[in-house]
Structures are given as C-alpha cells and as structure tokens.
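Here's the structure we're looking at; comments come further down.
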Amino acid sequence: SLELKQDFSKNIGHRLDLSISAFSDIEEMTLSREYPKFLNMVSSALFHDDYYNYYKNVGARVSASTKLFGIKLGGYAEYSDQSSLSKTTNNSIFSSKPWRDNPSIDEGIYTTAAVQIGDEDVITISSNAGTTFNYFLRGFYGDNQTNQTSFRSVYGRFGLSLATFSTGYSPMTLDLKAEGGTASINLPVQYQFAMQTGLGIFGFFGTFLS
C-alpha cells in the first residue's frame, strides 16, 4: 500500500486529516471487531487455528477525518477490484492438516463510501467516579459495477461503564453495551456483520469467547 497524508489544522484552525492511498491488499472478510493480527499470526503458526477469512482487494481510497465540538467525524470513498482468494498452503509449524478454504466473495469492481460519527475512544463522564462511555454510528453505501447492483448498511454501538465499588485501584464497574444495524438484502458477503468473538484473556466486552 502507498498513502499520502496531510494535516490541515494550521490552515483552518482545527484538525483535519486528508489522505489518498493506493493499495493491493489481502483483506479480512466481514466488519467484525478486530481480532489482534499478531495474536492471530501466532495462533495460526503454532496451533493451526486462523480466525479470519480473506479476499483480494486492489484499488484506491480518499479519506478524511476531523473533530468538531468534541465529536469525531470521518469518511472515505473507494474504488476497488475485489476477488476471492484461494489458500496457498496447508502448513503451519507443527501441522500439515488442510486449512479450510476461504469462502467465495461477491466479486466485481466496487465503488464504496462511508461516513462515521464517534469512535471506540473512551469518553470520561466523571473522572473521580470512573464512569465512561463510547459510541459510534457508521453509514455505508456501495455499488458493484460488474453486476450493476447497489447496497447500503447502517451500524452503531453505544457502551457505558458505570463505576460501582472502590477497590483501592481501579473501581469495579458495571458495563453496558447496545449495538445493532440494518442492511440491504443484497449486501455483499465481505461487508456483512459477523458475531464478535474473542479469546478469554484478550477479548473485548460483549464478545463470545472462543
């Protein structure tokens, strides 16, 4: 990948980042919360267990991000050629048992765009009590120019952490989270929602353990 990035904060009085990138990448399917890539590499190499499915994505992207009145805003537009990816090996360090095949994606030439409000950053409500929250809302639209179809989705999440009992260190908390979304019925498989999973010692709140 090649990326050019510019910060326009000195010109307009607040931070505005613009970037243009060209890429030829192996992408992970679905919009699931990120499972740590280094941990996935170690798991694949040592235990022959790979969390992700993959596809090939070649194209260019223009993106922007800023912060207005304490609210983070971001978005991008992308043009890409997306194709299914066959596995290239069955071997890990200690095993040669066949890997599963990557599922086929909805291939084609894609133009996509997304806008997002908020992010995963924790926002402090009360620093003394340790009460925090985080949120984001993302809207997504795309066209598959190969088969002349369009699709869209909206997805959001809100999390609240309420301090309960003081322990002398970080207080115990009651963690609440709500998330959900909606999408057109023809949303390509590589953009569909996947149930969040995670390891017990590295997982995120709200994930299913695996």
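The values are calculated or read from the model by the stated rules, or taken from the named source; none is laboratory data. As the structure is a computational prediction, the values presented were derived from the model and not from experiment. Every residue, glycine as well, gets a Cβ built from its backbone with ideal geometry; the counts of neighbours run over all protein chains shown. Remember, those area values only see protein heavy atoms, side chains included, never the ligands or the DNA or RNA. Shrake-Rupley method; radii C 1.70, N 1.55, O 1.52, S 1.80 Å.
List of remarks:
- Fraction of accessible area attributable to carbon and sulfur, region 72-185 (%, probe 1.4 Å): 58
- Rounded to the nearest 20 debye, the dipole magnitude of region 63-122 is 240 debye, with +1 charges on Lys and Arg beta carbons, -1 on Asp and Glu beta carbons, and the Cα centre as origin.
- Partner lysines whose Cα lies under 21 Å from the Cα of Lys67, excluding those fewer than 8 positions away in the same chain, are identified as Lys5, Lys10.
- Relative contact order of region 18-100, pairs being alpha-carbon contacts under 8 Å that are 6 or more residues apart, as %: 32
- Look at the dipole of region 56-170 built from charges on Cβ: of Ser153, Ser86, Trp99, the Cα furthest out on the positive end belongs to Trp99.
- In terms of accessible area, using a 1.4 Å probe and ignoring ligands and nucleic acids, Ser104, Ser153, Ser84 rank largest first as Ser104, Ser84, Ser153.
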